[in-house]
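What follows is one structure encoded as structure tokens, with my remarks underneath.
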Amino acid sequence: MPDWTADDIARAIERRRGREGRRARPRERTAESHMRDWSDADWAEAFKRRHGFNADPRMGRTRVREVGSDGAVLFDGDVHVFHLTGQAHPWQGYAWCVGEKEKPSFVSMVGTGTVRSARDAVRVWLGQLTP
């Protein structure tokens with residue numbers, strides 16, 4: 001699988017929607033602003049592009065807040081939860097956006113092993129939990 005950046009995924013979704021080049025006046029858009037505009041189906045498409053699994057977006061999203069031992073907020077945001085279809089075992093997938101507004105990153109993870117919730121996925125990404 002290619003390593004997709006947030007900008008690559010945003011452009012692919014815009015092409016799929018048929019919106020590329022149709023704006024009346026050019027407007028500077030960042031990947032993060034694209035991600036804010038993404039529907040649940042767009043998030044599922046991005047997950048599929050990253051992992052190759054069909055992702056059913058009907059599970060919605062959940063808010064996750066992780067605070068370090070020193071009280072600093074390590075993560076505070078929405079995590080999209082997917083049911084991965086077409087698999088022998090029912091898996092869940094998780095996806096979220098992190099980073100600066102100018103250069104956000106699309107993060108996603110398949111829920112296997114110790115990853116049983118959106119919070120677990122974020123904790124694995126932060127290095128607080130072993131997958």
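The values are calculated or read from the model by the stated rules, or taken from the named source; none is laboratory data. In this text the structure is predicted, and so the values were computed from the model without any measurement. Note that each Cβ is placed from the backbone with ideal geometry, even for glycine, and that neighbours are counted across all protein chains shown. Just the protein is used for accessible areas: all its heavy atoms, side chains included, with ligands, DNA and RNA removed. Shrake-Rupley method; radii C 1.70, N 1.55, O 1.52, S 1.80 Å.
When segment 91-102 is filtered for residues that are touching a Lys or Arg at 6+ places or on another chain (Cβ under 9 Å) and open to solvent by 30 Å² or more (accessible area, probe 1.4 Å), the ones remaining, listed by number, are Q92, C97. Limited to segment 103-131, what total is found for residues that are open to solvent by 40 Å² or more (accessible area, probe 1.4 Å), of a type outside the set (S, T, N, Q) and at negative phi? Looking only at that region, the number is 8. Among the residues making up segment 44-62, a single one is within 11 Å of the chain's Cα centre (by Cα) and acidic (D, E): E45.
For segment 20-131, list the helices (runs of 4 or more DSSP H) that sit wholly inside it and hold at least 2 residues that are touching a Cys at 6+ places or on another chain (Cβ under 8 Å) and modelled with pLDDT under 80; which are they? Working first, answer last.
Values: elements: 31-37, 40-51, 118-126.
Here the list reads 31-37.
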